[in-house]
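The values are calculated or read from the model by the stated rules, or taken from the named source; none is laboratory data. As the structure is a prediction and not an experimental result, all values here were calculated from the model. Note that we place each Cβ from the backbone using ideal geometry, even for glycine, and neighbour counts take in every protein chain shown. What goes into the accessible areas is simple: the full protein's heavy atoms, side chains included, and nothing from ligands, DNA or RNA. Shrake-Rupley method; radii C 1.70, N 1.55, O 1.52, S 1.80 Å.
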Amino acid sequence: MNNLLSVDLEDWYHFIGDPAVPVYEEWVNSESRVEESTDILLEILEGLSITFFVLGFTAEHHPGLIKRITSLGHEVACHGYRHEFVFEMGPEAFRKDIARTKAILEDLTGQPCVGYRAPGFSIRKQDLWALEVIKEEGFTYDSSIFPGIRTAGGISGFYPYPQVLRLEAGPLVEIPVSTTRLLGITTAFCGGGFSRFFPGSYIHKKIKKINSRNQPAVVYIHPRDIDPHQPRMELKYFNRFIYYYGLKKAEEKFRHLVSSFAWEGFCVFASRF
Ligand SMILES: [Zn+2]
């Protein structure tokens, strides 16, 4: 069966929740490494059609990259403009943020942008208003829910597989990121720093377990996750660990993961619901 693969397209300085990260005003003067790493990902993904959740800021500064992604048959979906937590924006700023980014992406790709993922999976139980806004702004699916507790966002007890949410604004397909239970804790295992931390054999086994339930694994990666040469920030200890652990072997590990399973994009999958 097909699993769902996504790239959260942003740069090395788009990390939220640590004082060492460059602030928005410094981004334009920060060295960008997103094109180099994304080109490696595009080479690994050759022949596949998957989903890129793109930051509006990155799209505006790298329009050629977005066009390249589209021309290779991948879906371009929305990751917001400035990579801010949804719960810190509030409803009005959030609506403006996703509408602005959707317009930027549709203008660049010439295709409808129908999917959204919140920065840091930052939709909590008390932020479910955001799903109504997402539906009202014309998106058909969302992939923002982390079905467990995490430092920012997360909804403990949320059904962990794709489903249709019956909202006031209408139906919205929700595609939660894949998690597993480990030592009594719900944790991500096949995305970002988690996919660099857990052994490949463990990740493959867990994906097969999800597939045995006739469900797709929902996987994500950032371009920076395979870039050992990115500038190092003086992050807090845990952040530093999750941000930089296993970078040297990450490209090879991702290559192996991609070649070991069948994949498809989120929009194609959501349209079957
Ligand atoms: Zn992100």
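Looking at region 222-240, can you tell me whether even one residue there is of a type in the set (Phe, Trp, Tyr) and touching a residue at least 24 places away in the same chain (Cβ under 8 Å)? There is no residue in region 222-240 that is of a type in the set (Phe, Trp, Tyr) and touching a residue at least 24 places away in the same chain (Cβ under 8 Å). Considered as a group, the residues in region 115-131 that are farther than 11 Å from Val86 by Cα and crowded, with 21+ Cβ neighbours inside 10 Å include one that is nearest to the ligand (Cβ to nearest atom), and that residue is Tyr116. Within region 53-63, the set of residues being in a helix (DSSP H, G or I), within 12 Å of the ligand (Cβ to nearest atom) and either surrounded by 22 or more Cβ atoms within 10 Å (Cβ to Cβ) or hydroxyl-bearing (Ser, Thr, Tyr) (or both) comprises Thr58 only.
For region 170-194, a tally of residues being more than 19 Å from Gly265 (Cα to Cα) and touching a Leu at 6+ places or on another chain (Cβ under 8 Å) returns 2. Please go through region 73-94 and give me each residue that is open to solvent by 30 Å² or more (accessible area, probe 1.4 Å) and over 19 Å from the mean Cα position of the chain (by Cα), ordered by number. Correct list: Pro91, Glu92, Ala93.
Where strands (runs of 3 or more DSSP E) fall entirely within region 151-262, those with at least 1 residues that are farther than 19 Å from Ser6 by Cβ and of a type in the set (A, V, I, L, M) are at 163-167, 179-182, 185-188. The single residue among Ile44, Ile66 that is more than 16 Å from the ligand (Cβ to nearest atom), under 28 Å from Asn2 (Cα atoms) and in contact (Cβ under 8 Å) with a residue 40 or more places away in the chain turns out to be Ile44.
Evaluation of Val76 against the conditions (1) assigned to a helix (DSSP H, G or I); (2) touching a Leu at 6+ places or on another chain (Cβ under 7 Å); (3) within 25 Å of Ser178 (Cβ to Cβ) shows that the sole unmet condition is (1).
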